[in-house]
Amino acid sequence: MPPGSPCLLWLLVVTYSVVPAAQPLAAGDLEEEQDETPLPAVPCDYDRCRHLQVPCRELQKASPTACLCPGLSSASQPPNPPRLGEVRVEAEVGRAVVHWCAPYSPVHQYWLLLWEGGGAPQKGSPLNSTVRRAELNGLKPGGAYIVCVVAANAAGESSVPRAGVEGLDGAGGPTFGPCGRLSVPPRPLTLLHAAVGVGSALALISGAALVWHFCLRDRWGCPHRGRASQAGL
């Protein structure tokens, strides 16, 4: 076939029309592809021990980016027990500040139980699910108590070791669990009064002993002096 034949020219035209020309990739197209890439989810800013902590589901809805919440038990079951945290005692005013951490369960409210001795516990007022701190007032100086945190939802309330509260070890209670012991130290003024009372009692006893001694000597004489006189003769 001659080089300039119409058939060869027609074949070249068809080839260039079928194969599309390569288009350069613009910078805007690259940015669009990068924007469409989903970002990895990160944990939500949720701390189950933080006081007045907003529920994680609400944080998840309000977050501009996807975030993850910790797994929770079923809402059809009573919540797991909370974990008791720091208990700060203020002996001067007879008060204790109790901290705790939320369980990994749906919670509607909390309350505190306080034991003094072997009697029935005192139940505190209900607290909403964002609360992680509460005060105990009216504690007696020198008193020993047991405090427990209870969580509740529509299915029931968390368990409390009622039968075993007397077996809690240590003044601060267990490291993990809903209950712990707290001891209120006596007031310094009470210690001063006790010291003055003991000193006064010792002074009275000493004075009574001296009076009794002199009364006996005046009545019966001093045997040691009599023996010394006889020895001199």
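Read-outs: derived from the displayed coordinates by stated rules, not from any lab. Note that the structure is a prediction, hence the values are computed from the model and not measured. Here the Cβ positions follow ideal geometry from the backbone for every residue, glycine too, while neighbour counts run over all protein chains shown.
Here are some notes:
- Between residue 62 and residue 123, the modelled label-to-label distance comes to 3.2 nm, taking each label 7 Å out from Cα in the direction of the beta carbon.
- Stretching the chain fully between residue 90 and residue 42 yields a gain of 13.3 nm (0.36 nm per residue, less the alpha carbon separation).
- Derived scalar couplings ³J(HN,Hα) [the range 198-210; Karplus, 6.51 cos²θ - 1.76 cosθ + 1.60; whole Hz; x for Gly, Pro]: 5, x, 5, 5, 5, 5, 5, 5, 5, x, 5, 5, 5
- Close amide H contacts of residue 108 (hydrogens built in the peptide plane, cut-off under 5 Å, sequence separation of 5 or more or a different chain): 152, 153.
- Around the amide H of residue 72, modelled in the peptide plane, lies no amide H under 5 Å away from a residue 5 or more places distant or on another chain.
- Descending principal axes extents, the range 83-183, alpha-carbon based, whole Å: 38, 27, 24
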